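Before I ask anything, let me first share the structure, which is written out below as structure tokens.
The values are calculated or read from the model by the stated rules, or taken from the named source; none is laboratory data. Remember, predicted model here, so these are calculated numbers, not experimental data. Counting neighbours? That spans all protein chains shown, and the Cβs are built from the backbone with ideal geometry, glycine included. Heavy atoms of the whole protein, side chains included, go into the accessibility calculation; ligands, DNA and RNA do not. Shrake-Rupley method; radii C 1.70, N 1.55, O 1.52, S 1.80 Å.
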Amino acid sequence: SNGKQHGSLMVISKSSSTLTGEGAPKSNPRKLNTFFGVMVPTILSMFSIVLFLRTGFVVGHAGLLHGFLMLFVAYFIISLTILSICAISTNGAVEGGGAYFMISRSLGPEFGGSIGLMFYLAKVCACGVYVLGLVEAILDIFGKDPGSAVSHGLRVLPQGYWYTVLYSSLVLLLCLVVCLVGAHIYAKASFIILLVVTVSLISIIISPLILRPQHFNITHTYGNNHTVTVNPSYTGFNSTTLKNNLGPHYSLDYSTNTMMSFATVFAVMFTSCTGIMAGANMSGELKNPSESIPKGTIMAVSYTFTVYVLLFLLLSSTCDRLLLINDYAVLQRVNVWPPFVTIGVYCASLSAAMCSMIGASRILHALALDQLFGLPLAPAAVTSSSGNPWVSVLYTWGLVQCTLFAGQLNVIAGIVTVFYLLAYAAVDLACLALEWASAPNFRPTFQFFSWHTCLLGIISCVVMMFVINPVYSSASIVLLLLLLLFLHYRSPTSSWGYISQALIFHQVRKYLLMLDSRKDHVKFWRPQVLLMVANPRSSCQLICFVNQLKKGGLFVLGHVQIGDLDVLPADPVQPQYNFWLSLVDKLGVKAFVDLTLSPSVRQGTQHLLRITGLGGMKPNTLVLGFYDNCYPEDYFLQDPAHFPPVRHAESPRALQPEEYVSIIHDAIKMGKNVCLGRYFFQLPPETKGIRGNDNMDTIDVWPTNLLSPGSASYADVSSLFLLQMACVLNMANRWRRARLRIFVCVESESGDQGWLAKEEQFRELLGKLRIRAAIKIVAWDDVARIGRGPNSEGQKLTEDFLCAVNALLREYSSTAAVRFLYLPHPPSSSQLSQQYLTQLDTLTRDLGPTLLIHGVTPVTCTEL
């Protein structure tokens with residue numbers, strides 16, 4: 001049968017190379033079919049040593065019923081993971097690296113890389129476990145007795161720590177040679193080993209039909225010199241034996257001298273189920289991984305399950321319980337020809353070691369190709385001409401050689417199972433995330449899974465980890481988090497997509513639909529700002545300032561590109577987005593970007609005001625830079641950003657005064673609040689952790705309309721909006737230490753003492769609004785007198801009056817970090833636009849960072 005199999009394998013690979021046509025068959029490492037590539041490795045790694053050396057132990061301590069329960073639970077847990085493996089591997093092409101490839105391509109580089117590395121280490125430790133297990137089994141038969149110098153019969157090998165290391169290194173060398181030659185040799189070697197294992201299994205199954213009942217004499221030494229001798233018997237098929245073996249009988253384990261329980265026996269049982277990925281890890285060598293992995297894994301697992309059930313039944317109905325508990329090599333003791341089992345053990349260990357080694361090297365190779373861990377792994381990406389990653393095989397060999405110095409392997413065995421389980425939980429998580437993100441491109445051809453199976457798989461894997469070894473499990477999760485942080489900090493940008501983005505999209509859309517603008521209440525009002533930016537080079541300070549002013553609200557940077565799509569070959573706006581997004585990253589502001597193409601700035605701003613935002617998140621405040629002849633400074637002088645250079649002092653402006661004022665007018669018509677920012681380039685740039693100089697200390701608010709001295713109302717909507725914005729700024733981290741000062745202008749010489757009552761009212765209002773601020777009274781009789789001069793009936797305010805107000809502001813507010821002034825309503829006729837702007841210009845000249853605000857929405861709330 002062996003020859004035939006190889007023959008068919010050769011035929012298959014020949015036909016595949018003719019089918020692919022141009023690709024030379026030599027350079028294509030994908031040679032293995034379902035049977036050789038998936039079934040054989042999976043069966044062998046699930047059969048490892050547990051089958052031969054621990055089946056009796058499980059049945060002896062747990063009894064047949066508990067044993068079956070353990071078997072079903074263990075296989076149920078791994079079946080859930082197998083469903084996820086099948087789902088992911090049938091959704092698109094799987095490349096080399098098996099589990100790592102599936103996890104990283106679904107969950108992104110951080111998660112994939114950290115789980116991949118841990119799975120790799122688990123495989124390395126597993127390889128060490130199998131090699132040491134094999135050496136132990138060899139020494140049991142061929143090792144000299146430590147006491148005697150002469151060799152008896154077969155016992156020729158000297159024993160001792162260094163001898164163990166030597167023998168295991170030789171075995172490992174053998175594995176290395178097989179893996180260096182390549183996967184096809186490994187597949188053939190595995191197949192021969194599987195035949196040997198199968199022969200020894202058949203011998204185990206037919207032995208009870210041939211052997212007659214026997215009695216044995218077994219002596220164990222506990223502690224120093226406390227020996228116990230038992231006389232168990234082998235009864236052949238016997239209903240009494242079966243009846244006695246049904247229930248559990250947990251007792252002392254003679255090898256470790258500890259009391260057994262359901263959990264400890266189950267942990268031993270479960271280590272035999274951790275080989276299910278052996279086939280999937282060969283994904284780079286398979287001809288058709290998407291078809292082979294599900295089919296081969298499911299067939300292999302059902303085969304091993306059947307064998308375990310048969311063996312459990314066989315042992316419990318033919319062997320006395322004393323025999324099962326006191327001799328773990330019971331299968332050898334009751335065999336037609338005991339060497340059958342011995343050879344089976346040797347072969348199973350050897351193949352499991354090779355399988356771990358080749359699987360580990362493939363994972364390392366995939367990790368190196370993705371360049372997640374940088375230089376230390378770079379050489380591991382090298383392959384030979386036939387596609388064998390020989391450098392990563394050598395890396396793996398070196399690491400396994402290090403684990404061999406541990407000598408005794410009960411230590412590492414626990415770690416292996418825990419790491420494996422963590423990797424399985426991650427595969428389930430990957431599948432669950434893909435299913436929950438419900439991306440249209442996740443449509444695996446394998447349909448038998450749902451998010452319930454994935455979730456159950458994750459929970460059961462994590463619970464099993466903690467049942468088997470709580471200390472190692474906690475440590476492995478800590479290690480996972482450290483690796484996650486490390487990879488996140490290195491932030492490898494990957495082109496294979498982040499599942500987190502898909503999940504975030506899913507949730508955000510759901511919550512945006514739940515955000516209902518009809519349920520808005522003034523209590524929960526927050527500024528949602530649209531900041532119009534002509535050129536980011538000159539407005540970085542303002543962008544950062546508005547970011548402080550938004551208080552968890554929406555912040556959108558808007559920009560209008562002048563143009564007409566009819567005369568342009570392509571949309572000029574779309575390519576700009578990435579530059580703006582990287583600007584947002586560079587400045588560290590929490591802002592969205594909206595760009596539009598429009599024949600005029602005014603029209604574009606109207607569009608943005610109407611359309612920006614989504615659902616209940618729409619801007620309610622428009623912020624513009626001030627319209628003045630100030631030469632814009634370039635903030636990015638030392639940084640070659642992709643934005644056009646700033647405007648020269650002589651060059652013409654894109655925006656005329658009339659258009660600027662009508663933008664303010666439009667916004668007020670649309671019910672938006674308007675802020676104009678001036679001199680913000682004077683604001684000291686933000687430095688992380690260090691506060692600016694001392695003039696950070698005050699925020700000044702002038703809540704009266706300084707341009708109409710008669711109408712000194714403090715409680716109109718716009719004044720309250722002013723106070724609210726100052727208060728919001730005071731809450732921002734950078735401005736938390738700043739003091740709020742409110743300036744109230746009064747005419748003290750007017751004879752009546754009305755202003756005292758007014759001040760009292762104002763204090764009361766601030767108290768109600770819970771705004772902590774110092775109130776400063778400013779007597780401005782002289783200024784007001786100029787304003788009420790001879791031409792006070794005329795509309796035009798005199799230059800003198802404006803200069804006087806400006807002087808007043810400079811006198812009281814020169815030291816403030818920022819001032820909030822009242823922005824009067826713009827004139828309705830466009831002829832007065834230039835005059836309106838000139839007035840504002842004179843009013844705020846040389847003041848330092850100033851925000852002129854016109855509020856139209858009631859925002860303050862005095863009730864609870």
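Please enumerate the residues belonging to region 292-308 that are closer than 19 Å to Thr445 by Cβ and buried (at least 24 other Cβ atoms within 10 Å of the Cβ).
Answer for region 292-308, where residues must be closer than 19 Å to Thr445 by Cβ and buried (at least 24 other Cβ atoms within 10 Å of the Cβ): Ser292, Ile293, Pro294, Gly296, Thr297.
Please go through region 580-602 and give me each residue that is in contact with a helix residue (DSSP H, G or I) (Cβ under 7 Å, 6 or more places away or on another chain) and charged (D, E, K, R), ordered by number.
Once the filter is applied, which keeps residues that are in contact with a helix residue (DSSP H, G or I) (Cβ under 7 Å, 6 or more places away or on another chain) and charged (D, E, K, R), region 580-602 yields Lys590, Asp594, Arg602.
Conditions (1) in contact (Cβ under 8 Å) with a residue 40 or more places away in the chain; (2) hydrophobic (A, V, I, L, M, F, W, C); (3) open to solvent by 40 Å² or more (accessible area, probe 1.4 Å), marked per residue:
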| position | (1), (2), (3) |
| --- | --- |
| Leu485 | no, yes, yes |
| Arg490 | yes, no, yes |
| His506 | yes, no, yes |
| Ser517 | yes, no, yes |
| Leu530 | yes, yes, no |
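Quick check on this structure: which one of Tyr186, Tyr222, Tyr234, Tyr254 is touching a His at 6+ places or on another chain (Cβ under 6 Å) and touching a residue at least 12 places away in the same chain (Cβ under 8 Å)?
Just one listed residue meets the conditions, Tyr254.
Have a look at Leu180, Leu170, Leu166, Leu174 and point out the one that is assigned to a helix (DSSP H, G or I), touching a residue at least 60 places away in the same chain (Cβ under 8 Å), open to solvent by 80 Å² or more (accessible area, probe 1.4 Å) and closer than 30 Å to Val391 by Cβ.
Leu174
Search region 747-766 for residues being assigned to a loop (DSSP other than H, G, I, E, B) and open to solvent by 90 Å² or more (accessible area, probe 1.4 Å), and hand back the single one that is modelled with the lowest pLDDT.
Asp752
Only one residue in Phe52, Phe47, Phe76 is in contact with a Leu (Cβ under 8 Å, 6 or more places away or on another chain) and not basic (Lys, Arg). Which one?
One residue alone meets the criteria, Phe52.
Against the conditions (1) in contact with a strand residue (DSSP E or B) (Cβ under 6 Å, 6 or more places away or on another chain); (2) open to solvent by 10 Å² or more (accessible area, probe 1.4 Å), where does Leu286 fall short? Just the number, please.
The failed condition is (2).
Suppose we filter Val418, Val400, Val393 for residues that are under 19 Å from Val124 (Cβ atoms), in contact with a Gly (Cβ under 6 Å, 6 or more places away or on another chain) and open to solvent by less than 10 Å² (accessible area, probe 1.4 Å); which single one remains?
None of the other options fit; the residue is Val400.
Still on this structure: Consider Thr453 carefully, then state whether it is surrounded by fewer than 16 Cβ atoms within 10 Å (Cβ to Cβ) and among the β-branched types (Val, Ile, Thr).
Taking the combined requirement at face value, the residue does not satisfy it.
For region 40-136, please list each of the helices (runs of 4 or more DSSP H) lying entirely inside it that holds at least 1 residues being of a type in the set (S, T, N, Q), assigned by the TED database to the domain that holds Arg443 and crowded, with 24+ Cβ neighbours inside 10 Å.
Hits in region 40-136: 40-47, 55-89, 98-107.
If you scan region 497-554, which residues turn out to be over 26 Å from Ile853 (Cα atoms), touching a Leu at 6+ places or on another chain (Cβ under 9 Å) and aromatic (Phe, Trp, Tyr)?
The one that is over 26 Å from Ile853 (Cα atoms), touching a Leu at 6+ places or on another chain (Cβ under 9 Å) and aromatic (Phe, Trp, Tyr): Tyr498.
Mind checking which residues of region 557-579 are in contact (Cβ under 8 Å) with a residue 40 or more places away in the chain and crowded, with 21+ Cβ neighbours inside 10 Å?
Result: Gly558, Val560.
Within region 20-44, which residues are of a type outside the set (A, V, I, L, M) and modelled with pLDDT under 85?
Selection gives Thr20, Gly21, Glu22, Gly23, Pro25, Lys26, Ser27, Asn28, Pro29, Arg30, Lys31.
What's the total number of residues in region 376-403 that are of a type in the set (A, V, I, L, M), farther than 23 Å from Val129 by Cβ and over 23 Å from the mean Cα position of the chain (by Cα)?
Qualifying residue count for the region: 4.
Would you check which residues across region 815-831 are over 23 Å from Leu720 (Cα atoms) and touching a residue at least 12 places away in the same chain (Cβ under 8 Å) and list them?
Residues satisfying the conditions are Thr815, Ser828, Ser830.
Of the residues in region 309-323, how many are within 49 Å of the chain's Cα centre (by Cα) and buried (at least 24 other Cβ atoms within 10 Å of the Cβ)?
Qualifying residue count for the region: 2.
Within region 818-845, how many residues turn out to be at pLDDT below 90, in contact with a helix residue (DSSP H, G or I) (Cβ under 8 Å, 6 or more places away or on another chain) and either of a type in the set (Lys, Arg) or outside any helix (DSSP H, G or I) (or both)?
Adding up the residues that qualify gives 1.
Further question: Within region 669-715, restricting attention to residues that are modelled with pLDDT under 85 and assigned to a strand (DSSP E or B), which residue is nearest to Pro824 (Cα to Cα)?
Here the answer is Thr687.
I've got another one for you. Any idea which of (1) within 15 Å of Leu614 (Cβ to Cβ); (2) of a type outside the set (A, V, I, L, M); (3) not assigned by the TED database to the domain that holds Ser598 is the one Trp496 doesn't satisfy?
(1)
Then there's this: Which one is least open to solvent (accessible area, probe 1.4 Å), of the residues in region 435-450 that are among the hydrophobic types (A, V, I, L, M, F, W, C) and farther than 17 Å from Ile103 by Cβ?
Phe446
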